[in-house]
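The values are calculated or read from the model by the stated rules, or taken from the named source; none is laboratory data. The structure presented is a predicted model; accordingly, all values stated were derived computationally and were not measured. Here Cβ is always computed from backbone atoms with ideal geometry, including for glycine, and neighbour counts include all displayed protein chains.
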Amino acid sequence: MKRILFLLFTLILTGLFGVVVWMDTAREWTGYQRQFFHSLTRAERKGLAGGIHQVALEDLRRIDRCTTCHVAIDKPQLALAEQPFTAHPGTYLESHPPEQFGCTVCHGGQGLATDTKAAHGEVKHWEEPLLRGPLIQSSCYKCHGDVREIEPHAPRLVQGMTSYKQLGCAGCHTVNGFGQNVSVDLSDMGEKPWQLLDFTFVHGEERLSQWVEQHFQEPRRVTPGFRAQELPPGEEEIYPTFMPNYGLNEEQARALTVYMLSLKSQHLPAAYVHPPAPQEPEPVYASSVEAGKAVFQKFGCAGCHGLDGVGGRRSWNAWLGDEAPSLVPVAHYYDRQTLKEFIRNGRQPVPRSNPARPTPPLYMPAWKDRIPDAQIDQLVDYVLSLGEPLPGSPPANGAPQAAGGNP
């Protein structure tokens, strides 16, 4: 009986071993390699090795197996038209050889995996999915700090950086120490775990890039907040985001998304990093008003007060129409010194239109520790130039609350 059981278990183990061998030969990557090798002549196949191809990058603490399937990535003479058998576009591999850089440091994905979905990082709990299309441009900023150097290769990234400045995002957000803290610090936005985001109102796949891009296009759809009656008893009302809807088209939103994905706190070895461009000297302006306009743009005042200060952004439950006011009539209400002190010290919190509701989330921050006094003087000159005082009216001695608290 024991011999029969022994023989039976031996047969079962032998069968299981055979199944494992068969499964190993039928893995996804083996099929890709067979398909590729069958497309080559005998002479072309000479010197090409099958099996798993692996690059160990000790400095980057990565192991990449991407070329197991992308076997022609550095062999344009053998490349086929369809993926994964195409060659890498452009001449990037000449300055970024795979044996030194690998693939995932730029493209994202899961370097150790050998199945397509897992290798592309499109699986649960993996926070760096494959960057597709223009999103790959977000990786350039990790190493290349000189924007002029990368502009020909990453135009969407540079476009996003430019839009960030033009729209005045620094008026609410901080990036690497520059900007305000009214809203979240974006310095590491590119590595924010997507699992922490609410995708209830986001269309498509649950990815960080999807959430960010749609939030740029329709911020109050993605983060609508909650009405008090929808919350448990005793919970405070949550306002929708005060992120403005700038009416961005798909290309503009995608460019800003590329910039957001480029913001990461991880530090690469010095050998991989190109130093940023030397700081350019401050331009010389023809007047204090022109210099003040540059300060207005640099520190993101347009983020709340609109381009050229002509229209405010929504601030839920704030006095004066629930919005940060236009700056055009400021000269009617403020004298120079009062306006300067208001900019220096801000107003936190903003007066409420309904004391029974929560405090407005958007407020006038203090700028005294962020803008030098001489530049605040220039900013005051610019703001006062936007609208002349009423004829015959003396300059105001104080800041009436009718100005809304967010000059």
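Observations, loosely collected:
- Lone qualifier among A277, A324, A302 - being in contact (Cβ under 8 Å) with a residue 12 or more places away in the chain, more than 29 Å from L386 (Cα to Cα) and not assigned by TED's automatic domain parsing to the domain that holds T174: A277
- Restricted to the stretch 317-331, and to residues there that are assigned to a loop (DSSP other than H, G, I, E, B) and in contact with a helix residue (DSSP H, G or I) (Cβ under 6 Å, 6 or more places away or on another chain), the residue that is nearest to P360 (Cα to Cα) is A324.
- L362 being crowded, with 21+ Cβ neighbours inside 10 Å and not assigned by TED's automatic domain parsing to the domain that holds Y239: yes
- Enumerated helices (runs of 4 or more DSSP H) restricted to the stretch 43-122, each holding at least 2 residues that are outside the structural domain of S209 (by TED's automatic domain parsing), surrounded by 18 or more Cβ atoms within 10 Å (Cβ to Cβ) and at pLDDT 95 or above: 104-107
- Selection of first residues in the stretch 193-205 that are among the aromatic types (F, W, Y) and modelled with pLDDT under 90 and of second residues that are surrounded by 11 or more Cβ atoms within 10 Å (Cβ to Cβ) and not in a loop (DSSP other than H, G, I, E, B), restricted to Cβ pairs under 6 Å at least 6 apart or on distinct chains, gives the following pairs, ordered by first then second residue: W194/L208.
- Of all residue pairs spaced 6 or more apart or on separate chains, those with beta-carbon atoms under 6 Å, a first member in the stretch 132-159 that is farther than 10 Å from V258 by Cα and surrounded by fewer than 18 Cβ atoms within 10 Å (Cβ to Cβ) and a second member that is among the small types (G, A, S) and at pLDDT below 95 are D146/A277.
- Count of residues meeting criterion [surrounded by 12 or more Cβ atoms within 10 Å (Cβ to Cβ), of a type in the set (S, T, Y) and either in a helix (DSSP H, G or I) or touching a helix residue (DSSP H, G or I) at 6+ places or on another chain (Cβ under 7 Å) (or both)] in the stretch 24-42: 2
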